[in-house]
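Enquirer: Please read through the structure below; I'll follow up with questions.
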Amino acid sequence: MGKRVLLIGGNFAPEPTGIGKYNGEMMHWLAANGYDCTVVTSYPYYPQWKVQPPYDKGKSWYKKEKLAVPAAVNGSMQLSVHRCPQYVPAAPSGAKRMLLDFSFALSAFFKVMQLLPGKKFDVVIAVVPPFHLGLLAVLYKKFRGAKVMYHIQDMQIEAARDLNMIKSKALIKMLFGVERYIFRQADIVSSISDGMMRKIQEKAGKDIFFFPNWVDVSLFHPLENRAALKQEFGFAPTDKIILYSGAIGEKQGLEAILHAAKTFTNRPELKFLICGSGPYKAKLEEQAAAMGLQQVIFFPLQPFEKFNRFLNMADVHLVIQKANASDLVMPSKLTTILAVGGLALITANPGSSLYELVARYNMGVLVNAEDQQALNEGMHQAIDNTDTATIIRNAREYAETYLSIGKIMSRFEQAVVNSEN
């Protein structure tokens with residue numbers, strides 16, 4: 001049996017997108033490679049913002065699962081998952097998100113205390129957000145001497161401040177103080193993009209480990225015959241599909257898709273497809289109906305077994321974010337778009353980490369964030385410019401070279417799990 005690893009994170013498999021997807025794949029990879037893995041997490045609720053069946057029964061109390069993971073050695077390994085209750089708002093606001101994070105941290109605290117007297121974990125990984133989960137990892141370290149990794153998927157305090165979710169300067173200052181304490185205590189601080197790493201390094205005063213989000217390039221790959229795929233999903237072969245697929249929340253600014261569609265009403269072959277779920281989906285549907293947008297179509301979240309075909313159907317993939325989010329958040333949807341060799345139209349401003357990465361490898365069409373005219377012009381370019389073969393080829397090559405889960409996790413294993421304190 002290899003080293004013992006504990007993950008503390010608010011999201012986990014079987015959540016299909018976002019942080020839960022990556023947490024699940026990370027722990028399954030470690031278990032498959034011989035590590036004794038335990039997870040303290042919540043019940044799956046994202047991106048629907050509602051606990052999903054069959055977990056909705058018993059969601060108000062703790063539950064332990066034992067998952068069998070096919071292993072490279074010894075046939076099969078077990079992954080222990082402790083589900084903790086938490087408050088899940090149907091319509092999340094800034095205050096309700098804070099309550100969600102606090103309720104999970106509180107219930108996870110009692111579970112971590114229960115695990116303290118047991119067999120020692122060698123490594124404890126806290127995944128942010130919520131940022132204060134790092135305190136639970138530090139608590140375990142104080143009692144048992146484990147190595148702590150503090151992995152930042154989203155710079156939550158900055159996002160809450162910049163999106164006006166928290167308006168109290170005193171509260172923001174206090175939260176940054178708590179975060180600095182976690183930085184000092186953590187053995188390894190990691191994040192997912194160059195821009196985020198630079199910002200975190202300024203705050204933490206220590207080197208930041210690069211631990212990017214990945215994609216399974218064998219599951220997500222380019223397919224031929226896009227026309228047949230369009231027919232499979234109910235479109236005409238001559239339709240041009242402009243797809244947004246992902247969580248439908250406040251920080252994306254997805255109303256821009258509706259305004260773009262309004263400018264293309266003279267081109268009925270263009271179909272603006274918004275796929276996913278989230279608290280703002282109903283609002284977008286109402287707005288699209290009020291604007292009389294016949295070309296805007298809403299799809300539910302697609303099942304995993306169809307997802308590669310679904311993504312390959314699209315002519316253009318939209319990665320839309322607000323300006324103040326493009327340096328704080330590396331969109332997880334982009335990794336899958338790159339893997340299928342999709343043509344991504346990305347809103348990101350010059351100087352942001354997302355802009356610099358995409359421009360450096362020429363693997364997408366970049367337009368300024370929160371600039372409707374720029375987005376409309378970018379759509380014209382992506383739809384009508386026939387010279388997109390290079391971008392598409394670069395996208396797939398980048399995914400194969402830098403985003404393969406095997407390569408990323410092997411590097412993580414060597415640098416984090418098997419390194420000396």
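The values are calculated or read from the model by the stated rules, or taken from the named source; none is laboratory data. Keep in mind it's a predicted model, so treat the numbers as computed, not measured. Note: ideal-geometry Cβ built from the backbone for every residue, glycine included; neighbour counts use all protein chains shown. We work out accessible area using only protein heavy atoms, side chains counted, and drop any ligands, DNA or RNA first. Shrake-Rupley method; radii C 1.70, N 1.55, O 1.52, S 1.80 Å.
Enquirer: Is it the case that E179 is modelled with pLDDT of 90 or more and either under 28 Å from G24 (Cβ atoms) or assigned to a helix (DSSP H, G or I) (or both)?
Expert: Working: modelled with pLDDT of 90 or more: yes; either under 28 Å from G24 (Cβ atoms) or assigned to a helix (DSSP H, G or I) (or both): yes.
Yes, satisfied.
Enquirer: Where residues in the range 331-347 are out of contact with any strand residue (DSSP E or B) (no Cβ under 6 Å at 6 or more places or on another chain) and outside any helix (DSSP H, G or I), which of them is nearest to G246 (Cα to Cα)?
Expert: The qualifying residue nearest to G246 (Cα to Cα) is V340.
Enquirer: For the range 355-370, enumerate the residues that are out of contact with any strand residue (DSSP E or B) (no Cβ under 7 Å at 6 or more places or on another chain), open to solvent by less than 40 Å² (accessible area, probe 1.4 Å) and not in a loop (DSSP other than H, G, I, E, B).
Expert: Passing the criteria: only L357.
Enquirer: In the range 371-389, how many are open to solvent by 50 Å² or more (accessible area, probe 1.4 Å) and part of a loop (DSSP other than H, G, I, E, B)? Write out each step before concluding.
Expert: Step one: list which residues in the range 371-389 are open to solvent by 50 Å² or more (accessible area, probe 1.4 Å), which gives 371-373, 377, 380-381, 384-387, 389.
Going one step further and asking which of them are part of a loop (DSSP other than H, G, I, E, B), we end up with 371, 385-387.
Count: 4.
Enquirer: Grab the strands (runs of 3 or more DSSP E) fully contained in the range 1-101, keeping just those with 3 or more residues being more than 24 Å from V217 (Cβ to Cβ) and open to solvent by less than 20 Å² (accessible area, probe 1.4 Å). Working first, answer last.
Expert: Numbers: elements: 4-8, 36-42, 63-70, 76-84.
Hits in the range 1-101: 4-8, 36-42, 76-84.
Enquirer: Report, by residue number, each residue of the range 110-160 that is more than 23 Å from M26 (Cα to Cα) and either assigned to a strand (DSSP E or B) or under 20 Å from the mean Cα position of the chain (by Cα) (or both).
Expert: Result: I157, E158, A159, A160.
Enquirer: Just one of the numbered conditions (1) at pLDDT below 95; (2) touching a strand residue (DSSP E or B) at 6+ places or on another chain (Cβ under 9 Å); (3) not in a loop (DSSP other than H, G, I, E, B); (4) not aromatic (F, W, Y) is not true of G253; which one?
Expert: Going through (1) at pLDDT below 95; (2) touching a strand residue (DSSP E or B) at 6+ places or on another chain (Cβ under 9 Å); (3) not in a loop (DSSP other than H, G, I, E, B); (4) not aromatic (F, W, Y) one by one, G253 breaks only (3).
Enquirer: Let me ask something else. Might you let me know whether the range 160-167 holds any residue that is without any contact (Cβ under 8 Å) to a residue 12 or more places away in the chain and surrounded by fewer than 19 Cβ atoms within 10 Å (Cβ to Cβ)? Working first, answer last.
Expert: Step one: list which residues in the range 160-167 are without any contact (Cβ under 8 Å) to a residue 12 or more places away in the chain, which gives 161, 167.
Next, from what is left, pick out any that are surrounded by fewer than 19 Cβ atoms within 10 Å (Cβ to Cβ): 167.
Taking every residue of the range 160-167 in turn, at least one turns out to be without any contact (Cβ under 8 Å) to a residue 12 or more places away in the chain and surrounded by fewer than 19 Cβ atoms within 10 Å (Cβ to Cβ).
Enquirer: Between residues in the range 271-282 that are over 9 Å from F298 (Cα atoms) and residues that are of a type in the set (S, T, N, Q), which pairs lie under 7 Å by C-beta distance while being six or more apart or on different chains?
Expert: K271/Q295; S277/Q48
Enquirer: Now for a separate question. Among (1) of a type in the set (G, A, S); (2) open to solvent by 50 Å² or more (accessible area, probe 1.4 Å); (3) more than 25 Å from the chain's Cα centre (by Cα), which single condition is A261 missing?
Expert: For A261, the failing item is (2).
Enquirer: Could you identify the single residue in K230, K271, K240 that is open to solvent by 60 Å² or more (accessible area, probe 1.4 Å), at pLDDT 95 or above and farther than 30 Å from S93 by Cβ?
Expert: K240
Enquirer: Here's a follow-up. With respect to P331, is the statement that it is within 18 Å of the chain's Cα centre (by Cα) and touching a residue at least 24 places away in the same chain (Cβ under 8 Å) true? Walk me through how you get there before you give the answer.
Expert: Numbers: within 18 Å of the chain's Cα centre (by Cα): yes; touching a residue at least 24 places away in the same chain (Cβ under 8 Å): yes.
Yes: the conditions hold for P331.
Enquirer: Among the residues of the range 186-194, is any among the charged types (D, E, K, R) and either without any contact (Cβ under 8 Å) to a residue 12 or more places away in the chain or open to solvent by less than 40 Å² (accessible area, probe 1.4 Å) (or both)?
Expert: Initial filter on the range 186-194 (among the charged types (D, E, K, R)): 187, 194.
Retained after the next criterion (residues that are either without any contact (Cβ under 8 Å) to a residue 12 or more places away in the chain or open to solvent by less than 40 Å² (accessible area, probe 1.4 Å) (or both)): none.
Among the residues of the range 186-194, not one is among the charged types (D, E, K, R) and either without any contact (Cβ under 8 Å) to a residue 12 or more places away in the chain or open to solvent by less than 40 Å² (accessible area, probe 1.4 Å) (or both), which makes the answer no.
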